[in-house]
Amino acid sequence: MNVLKTIADRFAKALEAIGVEPDQYLDLIRPSQDVKFGDFQANFAMPLGKKLGKAPRDVAADVVARLDYSDFLETPEIAGPGFINLRVKTDYLASLVQKEAADDRLGVEKVEKPRKIVLDYSAPNVAKPLHVGHIRSTMIGNSLARILRFLGNDVVADNHLGDWGTQFGMIIYGYRNFLDPNAYEQSPVDELARLYRLTRQLVDYQGAKKGVGELEKQVVAAKDALEAQKGRCAEAKARDDAEKNKETKDALKKANKERDRLVKALESAQEKYDGAKGKIDAVESNPELVKLAQGRETIAVDVLNETSKLHHGDEANLALWRQFMPQCLAEVDKIYKRLDVQFDETLGESFYNDRLGPLVERLKSEGIARETEGAVGIFFEDQDVPMLIQKSDGAYLYATTDLATLEYRRDRFRPDAILYVVDFRQSHHFEQLFEAAKFIGMEGVELTHVKFGAVLGDDGRPFKTRAGDAVGLKSLLDEAELRALAIVEANDAARDAEGKFSEEEKRETAKRVGIGALVYADLSQNRESDYVFSYDKMLAMNGNTATYMQYAYARVRSIFARGGIDVDVLRREFADGTKTLSLGTPEERALAFELTNFQSALETVSRDYRPNFLTAYLYVLANKYSSFFEKCPVLKAEDEDVKASRLLLCDLTSRTIAKGLELLGIQTVERM
Ligand code: ARG
């Protein structure tokens, strides 16, 4: 149920009755910022008055005179220059909430026109361990899948695994050169991860050694340029101090601006140099690594060759790939299990390998792609760079696979939309891909890059380990659970003997609380912003956190336990009309009103694929609940009817929180 929609429908009729095309004005009916102005406010009288050449207050009065409202709204109030304040009748609100409570879907209606949506998320490169960034794609995608589905859409969750890229060249090379057979036997995945990191480190080392001289020169040049510019700034300043006119002022400003640019340029040159130096030092301070690096000057090319051999069907490399894949998949599956994430399809890049050659040939013969300097690309109007789909050495690219994937999805799923939940750094790739899609008959299919920002460490830089690697996701989950366990144990210590948790309960609760905290912290951000990772913040008992939400839920449930209330009986009595919900205080009314906004929150999420609108809603709801709980005794209410009404509000609040968390991919706990 969506009260706002009912209001908009009624206003549409009223506007039509005065001869106005309503669409653009309906967006100006919104929830009020302050209950003083009612529950909703219609703010269209000003633009409409302008258009009709009438006083906005008169326009507002005209519309209200034709508005059919009395079954659910109090008499609308026209305020100030023509705002229309709308207040839902409390009886009506109570009946809505009662209906919501009687519904398994909590009153959330399915969309009128369900869409077929392919959702591409998680998609890690499986030859290396998942890192912190993967929580973003995985959990944003997972919650969107759940929400879009709950709203009635047909969602295909497809995990487009990176199971065919250069990383496999790395582990194949590592396996051939650095394998520790005992370690591999003990734990293949850990050994493969080690081989990946080691090979990668040596590739980076050789690259850094080749490049560091040039980088050092660039730092020197940047320093010189900056010094020279500082001189110019001083001159410009002296001239301006002496002459103080527009020209000298502008010149000074310009000189300073250039200086600031050069400061940045120096910083960035220095950073690149430091990075290369760090990679060199890491190897050269370790005699073992020095030994391994010796005689491997060409390691970068050798690794690429391993990948290329794999792609060209080399039997030995294919056999290794087949040997590694199950291990890699088992590892990511463990993480998915902990996060409670599922997919309908797992069609990785390797699945499309056989389609790439024919695709490129066809695009060439249809004139969609053409050769450029030995490579093949798709060219776009008003863009200088083509999208390359084949390199001059014959290799295919990320974009080639994505084009093949698009065609496959189009033919197999006939989707209305394909959504890609991928890091913002791939924006350019997706812009090009979506342009190219126009050439292959994808009109009418919505293609959206659901992009997200980075996870940062305390220092405001991408969250890295001390060794400079991205932080592993597994270690994050472990740590979050460990910290949650400390909270659970502290709570448990305060409980009396008969109420204490078993070890199993402690572990399960810590898991839900720890992982929930991590997931909620991620989803509660505007997905396009970067955010700073902090265990303390995400596990805080107060504020917009999963912990607060889970706690609110558990607190409500405990009322039922304490009062010995049979919740099924309660629900039944309200569902069959034996009891009627009453909303006697402002706090009860405010909570009830918020409960009716659940659907609208979910619709807002689905409009622009932003789960943070759901976390924001839950937070407001939990706060309204707190105010209610402070002011309105529940078990000690003045009479049985009020008590029952309040219990129903409690029950519905906890169900809405639980459902909201579930749609975010987070579990609740009965006690904490
Ligand atoms: N495997 C890619 C990466 O880790 C992400 C793939 C996203 N999906 C896609 N269809 N391109 O960067």
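The values are calculated or read from the model by the stated rules, or taken from the named source; none is laboratory data. Remember, it's a predicted structure, so these values are computed and weren't measured experimentally. Note that each Cβ is placed from the backbone with ideal geometry, even for glycine, and that neighbours are counted across all protein chains shown. Surface accessibility is based on the protein's heavy atoms, side chains included, excluding ligands, DNA and RNA. Shrake-Rupley method; radii C 1.70, N 1.55, O 1.52, S 1.80 Å.
Can you tell me how much longer the chain between GLN33 and GLU288 gets when fully stretched, taken as 0.36 nm per residue apart minus their C-alpha distance, in nm with one decimal? Don't jump to the answer; show the numbers that get you there.
Working: separation 255, 0.36 × 255 = 91.80 nm, distance 6.51 nm.
Result for the pair: 85.3 nm of gain on full extension.
Hey, can you grab everything whose amide H is under 5 Å from the amide H of HIS160? Only 5+ residues off in sequence or another chain; H modelled, so Pro and N-termini drop out.
HN-HN under 5 Å from HIS160: TYR121, ALA123.
Pairs of alpha-carbon atoms within less than 8 angstrom and 6+ residues apart define the contacts here; what relative contact order does the chain have, in percent? The partial results should precede the final answer.
On the way: 924 pairs, mean separation 105.4, N = 672.
After rounding, I find 16 percent.
Grab the DSSP H runs of the chain that are 4 residues or longer, score each as -39,500 (n - 2.57), total them, divide by all residues and round the 222 nm result to the nearest 500 deg cm²/dmol.
Numbers: 25 runs with 407 residues, N = 672.
Calculated from helices alone, the mean residue ellipticity at 222 nm is -20000 deg cm²/dmol.
Suppose we flag GluC sites (Glu not before Pro) only when DSSP calls them loop and at most 16 other Cβ atoms lie within 10 Å. Which is the longest uninterrupted stretch of the chain?
Details: sites that count: GLU74, GLU109, GLU112, GLU297, GLU366, GLU373, GLU381, GLU443, GLU528, GLU638, GLU670.
Of all site-free stretches, the longest is 113-296.
Modelled label-to-label distance, GLU112 and GLU446, 7 Å Cα→beta-carbon offset: nm?
1.5 nm
Which whole-Hz ³J(HN,Hα) couplings does segment 136-149 yield from phi under the Karplus relation 6.51 cos²θ - 1.76 cosθ + 1.60, θ = phi - 60°, glycine and proline marked x?
Values, residue by residue: 5, 4, 5, 7, 5, x, 4, 6, 5, 4, 5, 5, 4, 5 Hz.
With every protein chain left in place, what is the accessible area per residue of segment 248-391 in square angstrom, probe 1.4 Å?
Details: 8590 Å² over 144 residues.
Accessible surface, normalised per residue, equals 60 Å².
Using 1/(1 + (r/R0)^6) with R0 = 56 angstrom and r between the beta carbons of THR465 and SER365, what's the FRET efficiency to the nearest 0.05? Numbers along the way, then the final one.
Values: r = 49 Å, r/R0 = 0.88.
Calculated transfer efficiency: 0.70.
Regarding segment 571-666, what are the three Cα extents along the principal axes, ordered largest first, in Å?
45, 29, 21
Rank these by accessible area, largest first, 1.4 Å probe: ASP344, ASP240. Present the calculation step by step, with values, prior to reporting the outcome.
Details: ASP344 85, ASP240 15 Å².
The most accessible residue leads, giving ASP344, ASP240.
Leaving out ligands, DNA and RNA, what percent of the accessible area of the chain is carbon and sulfur, probe 1.4 Å? Mind dumping the intermediate values first?
Working: 16260 of 32670 Å².
Here carbon and sulfur together make up 50 percent of the probe-accessible area.
Calculate, for LYS631 and GLU670, the FRET efficiency according to 1/(1 + (r/R0)^6) with r their C-beta to C-beta distance and R0 35 Å; round to the nearest 0.05. Can you show the working numbers first?
On the way: r = 26 Å, r/R0 = 0.73.
E(calc), rounded to 0.05, equals 0.85.
Quick one: go through segment 85-109 and flag any residue whose amide nitrogen is under 17 Å from the point 7 Å out along the Cα-to-Cβ line of GLU573.
Under 17 Å, as judged by backbone N against the label point of GLU573, lie 98-99, 101-102 of segment 85-109.
Can you pull the three principal axis extents for the Cα set of segment 320-470, in Å, largest first?
Answer, in whole Å and largest first: 49, 36, 36 Å.
Antiparallel versus total DSSP beta bridges in the chain: what percent is that, nearest 5?
Numbers: 21 of 41 bridges.
Approximately 50 percent, going by the DSSP bridge assignments.
With a cap of 14 neighbouring Cβ atoms within 10 Å, and only residues DSSP puts in a loop, list the trypsin sites (Lys or Arg not before Pro) found in segment 593-672. Before the final figure, lay out the partial values.
Values: sites: ARG607, LYS624, LYS631, LYS636, LYS643, ARG646, ARG655, LYS659, ARG671; in loops: LYS636, ARG671.
Of the trypsin sites (Lys or Arg not before Pro), the ones in loops of segment 593-672 whose Cβ has at most 14 other Cβ atoms within 10 Å are LYS636.
Given points 7 Å out from each Cα along the Cα-Cβ axis, report the ASP103 to ALA540 separation in nanometres with one decimal.
About 3.5 nm, to one decimal.
Compute the separation of the alpha-carbon centres of segment 12-69 and segment 81-114 and state it in Å as a whole number.
After rounding, the separation between the Cα centres reads 20 Å.
Mind listing which trypsin sites (Lys or Arg not before Pro) in segment 491-555 are in a DSSP loop and have 15 or fewer other Cβ atoms within 10 Å? Spell out each step's value before the answer.
Working: sites: ARG495, LYS500, LYS506, ARG507, LYS511, ARG512, ARG527, LYS537, ARG555; in loops: ARG495, LYS500, ARG527.
Here the sparse-neighbourhood loop sites are ARG495, LYS500.
With labels modelled as points extended 7 Å from the Cα through the Cβ direction, what inter-label distance (nm, one decimal) is found for LYS253 paired with ASP281?
For LYS253 paired with ASP281, the spin-label model returns 4.2 nm.
Short version: what are the Cα gyration tensor semi-axes of the chain, square root of 5 times each eigenvalue, largest first, in whole Å? Intermediate values should be presented prior to the final figure.
Numbers: eigenvalues 528, 248, 168 Å².
After scaling each eigenvalue by five and taking roots: 51, 35, 29 Å.
How large is ³J(HN,Hα), in whole Hz, for each residue of segment 23-32 in order, when computed from phi with the Karplus curve 6.51 cos²θ - 1.76 cosθ + 1.60 and θ = phi - 60°, using x for Gly and Pro?
Result, ordered by residue: 3, 5, 8, 5, 5, 8, 9, 9, x, 6 Hz.
Quote to one decimal, in nm, the extra length available between ARG66 and ASN305 on full extension: 0.36 nm per residue of separation minus the C-alpha distance between them.
On the way: separation 239, 0.36 × 239 = 86.04 nm, distance 7.54 nm.
Difference between extended and current length: 78.5 nm.
Residues of segment 619-672: accessible area per residue at 1.4 Å, in Å²?
Numbers: 2120 Å² over 54 residues.
Computed with neighbouring chains in place, this is 39 Å² per residue.
List the relative contact order of segment 489-579 as a percent without decimals, with contacts defined as Cα pairs under 8 Å and 6+ residues apart.
Working: 41 pairs, mean separation 16.5, N = 91.
After rounding, I find 18 percent.
Can you work out D for segment 180-298 in µm² s⁻¹ from Stokes-Einstein, where Rh is the Kirkwood radius over C-alpha pairs, the temperature is 37 °C and the viscosity is 0.692 mPa s?
Estimated diffusion coefficient is 184 µm²/s.
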